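To keep things clear, I will list the structure first and then write my remarks on it.
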Amino acid sequence: MLDFSDYIVFVDESGDHGMASIDPAYPLFVLSCCLISKRDYMQSIVPAMQRLKFDTFGHDSVILHERDIRRDIGPFSALRPRERKQAFIEALTDILAAAPMTVFAAVIDKRRLLDRNKNENPYEVSLRFCLERICYKLTKQGQVAHDRRPLTTHVLCEARGRNEDSELELAFRRICDGDNYGKTKIPFEPVICDKKSNSIGLQLADLVARPIGMHTLKPEQANRAWDVIQEKLDRNARGQVHGYGLKCFP
């Protein structure tokens, strides 16, 4: 029987991880991971998000997707009056600000990665960094092992397609089997979920990813979502974020 940690991780992405074509307007791949205690997730985050959905749409089956919200697609077309959308965005940002979670993210500049000519996969590079840093964080909190028994932490990722999901799981297990900075076993278990599962945690990770990318791309541009998210990024004792909660590579 598995022993579980008190935490869960939700993962999503922004941008295309493929290297065959690079969008000059957004040449980045961003992987965002939200580390949340299960107690906080059940007692605080999920009720707050469901309350917003009920207040806005009258039901909680709407899946919050950053791209759809930004483009007024699907159920978010009801938010087209500017004042209504602004009120929704402000309420959603307030929930993000109050959410007790730690964010780990990797931003890959695909143009520079291509220049390295090392055939590196943006998703795998990002995933390795994030899993390493999350493992380090959980180890400090005594959430990796108890009485010498490993504690399993589940990492939920959104399904993207059969081939992509198989490649993700292989890379994930390779990293956790020792292909990481410490050459150690990481007791994480991947769970690949369909978007239709309506996981609040996956929606949080989706909402976090693009603002991180946009701040990296245009740091001078006003970005309230980034102002909130940066406070959630993991950091060292001196408050340093880069290399801890955020990695920009190369």
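Since every read-out is calculated from the coordinates, none of them should be taken as a lab result. Quantities reported herein were computed from a predicted structural model and do not represent experimental measurements. Here the Cβ positions follow ideal geometry from the backbone for every residue, glycine too, while neighbour counts run over all protein chains shown.
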In debye to the nearest 20, how big a dipole does region 3-249 give about its Cα centre with +1 on each Lys and Arg Cβ and -1 on each Asp and Glu Cβ? 400 debye
Give the long-range amide H neighbours of Thr152: residues separated by 5 or more places, or on another chain, with amide H under 5 Å away, using H modelled in the peptide plane at 1.01 Å from N. Asp3, Phe4, Ser5
Mind jotting down the distance between the C-alpha centroids of region 6-62 and region 168-241, whole Å? 9 Å
Anyone know which of Ile192, Ile175, Ile73 comes out most mobile in the 10 Å Cα GNM of the chain? Ile73
Cβ-based exposure ranking for Lys85, Lys118, Lys232, in which fewest neighbours within 10 Å come first: Lys118, Lys85, Lys232
Which order do Cys193, Cys176, Cys130 fall in if you start with the one that has the fewest other Cβ atoms within 10 Å? Cys193, Cys176, Cys130
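Where a ≥ b ≥ c are the square roots of the eigenvalues of the C-alpha gyration tensor, would you call region 79-152 rounded, which needs a/c under 1.5, or, failing that, prolate if a/b is larger than b/c, or oblate?
Numbers: a/c = 4.23, a/b = 1.24, b/c = 3.42.
Verdict is oblate for region 79-152.
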Between Ala20 and Arg111, what is the label-to-label distance in nm when each label sits 7 Å out along the Cα-to-Cβ direction? 2.2 nm
At a threshold of 8 angstrom on Cα-Cα distance, excluding pairs fewer than six apart, so keeping six or more, what relative contact order does the chain reach in percent? 32 percent
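What ranking of Ser166, Ser14, Ser44 emerges when the number of other C-beta atoms within 10 Å of each C-beta is taken as an exposure proxy, fewest first?
Ranked by crowding around the Cβ, least crowded first: Ser166, Ser44, Ser14.
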Can you tell me how region 139-250 classifies by the Cα gyration tensor, rounded, prolate or oblate, using a/c under 1.5 as the rounded cut? oblate
Shape box of region 2-52 [Cα atoms, principal axes, largest first, Å]: 42, 34, 11
Filter the DSSP H helices in the chain by two things, a Kyte-Doolittle mean of at least -0.5 and an axial alpha-carbon span of 15 angstrom or more, and list the hits by number. 46-57, 82-98, 122-140, 200-217
Interchain or long-range residues, amide H under 5 Å from Lys247's placed H: Ala105, Ala106, Val107
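Based only on the alpha carbon positions, what is the Kirkwood hydrodynamic radius of region 3-249, in angstrom?
This gives a value of 18.7 Å.
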Sorted by chain and then number, the residues having a modelled amide H within less than 5 Å of the amide H of Ile192, at least 5 places away or on another chain, are Cys157
For the table Lys38/Lys140; Lys38/Lys247; Lys38/Lys185; Lys137/Lys232, the rows whose alpha-carbon distance is greater than 21 Å are Lys38/Lys247; Lys38/Lys185
